[in-house]
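Engineer: The structure that follows is given in the form of structure tokens.
Each reported figure results from applying straightforward, stated rules to the coordinates on display, with no laboratory input. Remember, it's a predicted structure, so these values are computed and weren't measured experimentally. Here Cβ is always computed from backbone atoms with ideal geometry, including for glycine, and neighbour counts include all displayed protein chains.
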Amino acid sequence: MDVAPQETLAHTLRYKLGLTGTKLGCNRGECGACTVLADDVNIYACSTLTHEVKNRAVVTVEGLRAADGTLHPVQAAFIEELSPACGFCTAGQVMSAVALLKANPRPTREEARLAMSGNVCRCGAYDHYLNGVMRASGQLS
Amino acid sequence: MSSHDNMPEMSLYQPVQVEDAIGIATELAGRGWLVGGGQDTYGWLKDRAKTADALIDLKGIESMRGIKETADGIEIGALVTLTEITRDPIIKERYSLLAQAAGRVASPQIRNVGTLAGNVSQDVRCWYYRRGLNCYRAGGNLCYADTPEGMNREHAIFNASRCVAVTPSDTGPALVALEAQMVIQNASGQRVVPAEDFFIGPNLDIRHTTILRPGDILTAVRIPAKWANATFYFEKVADRNAWDFALVSISAAMRVNNGVIEDSRIMVGAVQATPRRLTSVEQAIRGKPRNESTANSLGNLASSDANPLNYNHFKMPLMDNLVKRAVRGQA
């Protein structure tokens, strides 16, 4: 696959690889819909050149499910907590939550709030996502 | 002006040695664009508000990474991310002012890739300018923000000179407070410049916010031991706690002995094009107890010589109150 020098990671994922789970909202690093992981760190795929991450492990929402189809604990917890409303920001919210729990498996609600603060939800379902994060970390049952 | 989803066509260099990066940057001169984290870059290019022939991605240069102790303090590589700064044990212990400032930049994802060098080198956020209008800073002869109907709530209350934009950096004022030194390399060698002289206002050069010129690369930031483990106060007021740039921020370093302020560096962000040092406040509090009464005695000393625009008078009491909080030591 040819990747143009100026091509963003979001562009490569969506339009070259067909991985449309990663959404483009603002395309300016101001909404979080395009959040993916690079070496387990959450970044904005719209504001990253593909060539910048050519030596790093990139994980999108498509890569979270287990081989047998089992959802990632964050995905399962978000369903349980009815976190998404319209769902457009959900893939990005999932990726930020996954990054948080990899670095900090049992965050406080305030730590989770800060870690999720780079993802906008136009439906305003922030507390529902936070409940999902706390459930995924085993602190809500 | 329409908005674009795609980046414009351009070349990309990914040097791994700083000498190679300098060579490429020198050859391309004004047509090259240095990229660290890129978070102030791609918007300009996608909007076609600024253009370049080639991007020079510096992230592969190992010598510009890492935080190390030196004989007199620490040296922070230009590519160290804002997240790394917030987590670094030495910075958290001795220079927590910088860790706090870095932790209030933009959003977690931006801090994960945004670099210290990029945060101090980023361009101003005036929307007229960012929209690609041909204002003074863009080379024209008009300021759209400083007109009777111009929206200038976020703009300068000090030292405007044709352009009324403010410094957007949260870490810049903290670095000046800590008397940091900026290490700059170019084809003729290396020079070390005090952070205070690194930032420049429109009266000196309306097209640039720092002394960096094509061919220059900010390779590291040195923080001397002078203010290590001092008493610090940082606060940033913005519309939202994520993403938004400061309306006013304060970065204060103080030496307090037996409750008395012996020495201080009080810096304010987002009130002019460069971090603003409040020397009158520093003088007024020298030798005074760090308490509410000293704070209140300052009155509106910090803002008394401000020159507000139509919509930003609020920055005057906001700045005065932040100064009081820093001096009394609590929000």
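Engineer: What does the C-alpha gyration tensor say about the overall shape of region B:11-60? Classify as rounded when a/c is under 1.5, otherwise prolate if a/b is larger than b/c, or oblate.
Structural biologist: Oblate.
Engineer: With runs of 4+ DSSP H residues as the only contributors, calculate the mean residue ellipticity of chain B at 222 nm using -39,500 (n - 2.57) per run, divided by the residue total and rounded to the nearest 500.
Structural biologist: Details: 13 runs with 90 residues, N = 331.
Calculated at 222 nm, the ellipticity per residue is -7000 deg cm²/dmol.
Engineer: Cross-link candidates for A:Lys16: which lysines have Cα within less than 17 Å, leaving aside residues fewer than 8 places away along the same chain?
Structural biologist: Those lysines meeting the cut-off are A:Lys54.
Engineer: Could you name the lysines in cross-link range of B:Lys50, using Cα to Cα under 23 Å and dropping any fewer than eight places away on the same chain?
Structural biologist: B:Lys59
Engineer: On to the next question. Which trypsin sites (Lys or Arg not before Pro) in region A:1-77 sit in a loop by DSSP (not H, G, I, E or B) and have at most 12 other Cβ atoms within 10 Å of their own Cβ?
Structural biologist: Filter output for region A:1-77: A:Lys54, A:Arg65.
Engineer: Looking at the square roots a ≥ b ≥ c of the eigenvalues of the Cα gyration tensor of chain B, which shape do they give, rounded for a/c under 1.5, prolate if a/b is larger than b/c, or oblate?
Structural biologist: Oblate, since a/c reaches 1.5 and b/c is not below a/b.
Engineer: On to the next question. Quick one: check the C-alpha center-to-center distance for region A:99-115 versus region B:187-252, whole angstrom.
Structural biologist: 30 Å
Engineer: Given contacts defined as C-alpha pairs under 8 Å and at least six residues apart, what's the relative contact order of chain A, whole-number percent?
Structural biologist: For chain A, the relative contact order is 25 percent.
Engineer: Name the residues whose placed amide hydrogens come within less than 5 Å of the amide hydrogen of A:Cys31, ignoring near sequence neighbours (fewer than 5 apart) on the same chain.
Structural biologist: Amide H to amide H, under 5 Å and 5 or more residues apart or across chains, A:Cys31 pairs with A:Cys26.
Engineer: Counting other C-beta atoms within 10 Å, and keeping those with at most 13, which DSSP coil GluC sites (Glu not before Pro) do you find in region B:248-331?
Structural biologist: Those that pass, being in a loop and sparsely packed, number zero.
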